[in-house]
Structures are given as structure tokens and as C-alpha cells.
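These notes concern the structure reproduced below.
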Amino acid sequence: MPIKRYLALIAVLLIGACESATLPSTQPAQLSVLDAQFLADQLDAMTSSLIDDVFSSGSLGPSPAPQLSHQPVVWTHSFEKSRVCHDGGKLTIAGSGTKTWDPEDRTYNVGFSGTKVREECAYTRSDAVENVVITLTGVGDWAKDRHYAKGKPTGEWGATWVGSWDWSKSTGTSGNCAYDIVTTIDTEANTKTRTGVMCGNEIDKTSTWKKSK
């Protein structure tokens with residue numbers, strides 16, 4: 001190969017390599033594993049707390065008259081409730097379901113499902129390295145059940161959270177992602193297990209359910 005053609009080929013290859021090295025990444029921004037675990041914890045904690053307020057409200061409790069019957073009694077209920085998020089924004093939960101009381105067996109079963117909407121809902125993730133504010137806007141579905149026997153929790157309690165949101169971090173990155181989380185409480189073993197996927201990151205965490213048990 002003539003020396004001039006060889007040098008021209010080398011120059012073209014070098015220019016192409018430089019252009020490839022300087023091209024901006026087209027990969028979408030991703031949440032870190034720490035971000036995903038933090039959001040899974042917050043998703044479960046805040047949504048559950050809001051739903052627990054509804055479950056424990058007097059409007060859902062058994063009324064005195066039906067308790068005199070020996071037949072199972074079913075109450076139906078629908079609701080919508082909002083709460084300010086930890087660092088601004090709003091979470092709104094809406095849903096419907098039933099509570100079933102069996103006076104013969106003294107069992108009490110609750111099952112509800114519905115939707116949730118986050119509007120600029122902000123949380124701060126703090127660790128030894130940084131404090132990052134993560135802001136979320138999105139919609140999702142949820143379902144939750146629990147069971148009692150003779151006034152005490154029994155069996156497995158379940159909850160599912162499915163949806164997606166637009167997210168932004170105080171570091172300047174932003175994006176969109178989906179989640180599909182299942183929380184299972186084993187009332188006998190006193191454990192809470194959370195599994196699923198949060199924004200592309202696998203979630204698998206087991207912890208103590210009630211510290212004082």
C-alpha cells in the first residue's frame with residue numbers, strides 16, 4: 001500500500017475513534033441500588049401508613065347491631081385520603097373493599113385495593129456520603145389484605161404496589177421508571193419480606209415486623 005494512502009487511512013481511523021469517544025451517552029439516567037431500596041421502603045411505609053389510617057377508622061369498624069348475629073357480616077367501604085409527603089408534594093390514595101366479621105369463629109378479614117397518585121412527592125435519602133432529595137410524580141395501583149382471629153393478627157398479610165413515576169434528583173438527574181413490589185407479613189414468624197423490582201433494580205429484603213413482639 002502506498003505510504004500516502006496508508007497515512008490517510010490512519011488519519012481517518014483516528015478521527016473516527018476521537019468522535020466515538022466524545023459522543024454523549026444516549027443511555028437514560030438510572031436510579032442507583034441505594035435509591036431503589038430507599039424508594040421501595042418509602043413506598044411501603046408511607047402508603048401503608050395512609051391505608052392503615054383508613055383500616056383503623058371507626059367508619060370501617062363493626063357496628064353493635066350486626067355483632068348480635070351469628071352469621072358472617074360484611075361491610076363495604078370506599079374512600080379517598082391525602083397526605084403531605086415528607087419533603088413536600090402530596091400522596092393521594094383512593095380505594096374500596098370489604099371487612100368480614102365471623103362471630104362464630106371470631107375471625108376478621110380485610111381486603112382493599114385502589115389507586116395512588118403522587119404529585120411532586122419529595123423524600124430525602126441521607127447516608128454517610130450525601131443527602132439527596134428524590135421527587136416523584138406518577139400513578140399506580142395497590143392491593144392490601146390482613147386477617148385476625150380472636151382479636152389477634154393471624155396468617156399472612158399481603159400488599160402489592162404496581163405503577164410508574166417520573167423522578168428527579170437534587171443532583172440534577174431525572175428519568176422515568178416502573179416498579180412492582182410485593183410485601184408479605186408472616187404474623188407467626190414476625191417477619192416482613194419485600195420483593196420485586198424497583199426501577200430496574202431487584203428488591204429482596206426481610207426484616208422484623210413488630211419490634212416489641
Label the range 112-165 by shape, choosing from rounded, prolate and oblate, from the square roots a ≥ b ≥ c of the eigenvalues of the Cα gyration tensor; if a/c is under 1.5 it is rounded, and otherwise prolate applies when a/b is larger than b/c, oblate when it is not.
oblate
Give me the net charge of Leu136's neighbourhood, meaning all other residues with Cβ under 10 Å from the Cβ of Leu136; Lys, Arg count +1, Asp, Glu -1.
-2
Which of Glu104, Glu120 comes first, and how do the rest follow, when ranked by fewest Cβ neighbours within 10 Å?
Glu104, Glu120
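Hey, got a sec? Which GluC sites (Glu not before Pro) in the range 146-202 land in a DSSP loop and have at most 11 other Cβ atoms within 10 Å?
Answer in residue order: Glu188.
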Hits among lysines - C-alpha to C-alpha of Lys192 under 18 Å, sequence gap 8 or more where chains match:
Lys144, Lys152, Lys205, Lys210, Lys211, Lys213
From the square roots a ≥ b ≥ c of the eigenvalues of the alpha-carbon gyration tensor of the range 60-166, which class results: rounded (a/c under 1.5), prolate (a/b over b/c), or oblate?
prolate
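Fewest first, what order do Met46, Met198 take by the number of other Cβ atoms within 10 Å?
Met46, Met198
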Cβ under 13 Å from Arg125's Cβ, Arg125 left aside: what net charge do those residues give with Lys, Arg +1 and Asp, Glu -1?
-4
Unit Cα scatterers, Debye sum, the range 113-213: log10 I(q)/I(0) for q = 0.13 Å⁻¹:
-0.61
Which ordering of Lys81, Lys116, Lys150, Lys99 is given by a fewest-first count of other beta-carbon atoms within 10 Å?
Lys150, Lys81, Lys99, Lys116
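Bear in mind that the values in this text are calculations on the coordinates, not laboratory data. Treat the numbers as computed from the prediction; the structure is a model and nothing was measured. Positions of Cβ are backbone-derived with ideal geometry, glycine not excepted, and every protein chain shown enters the neighbour counts.
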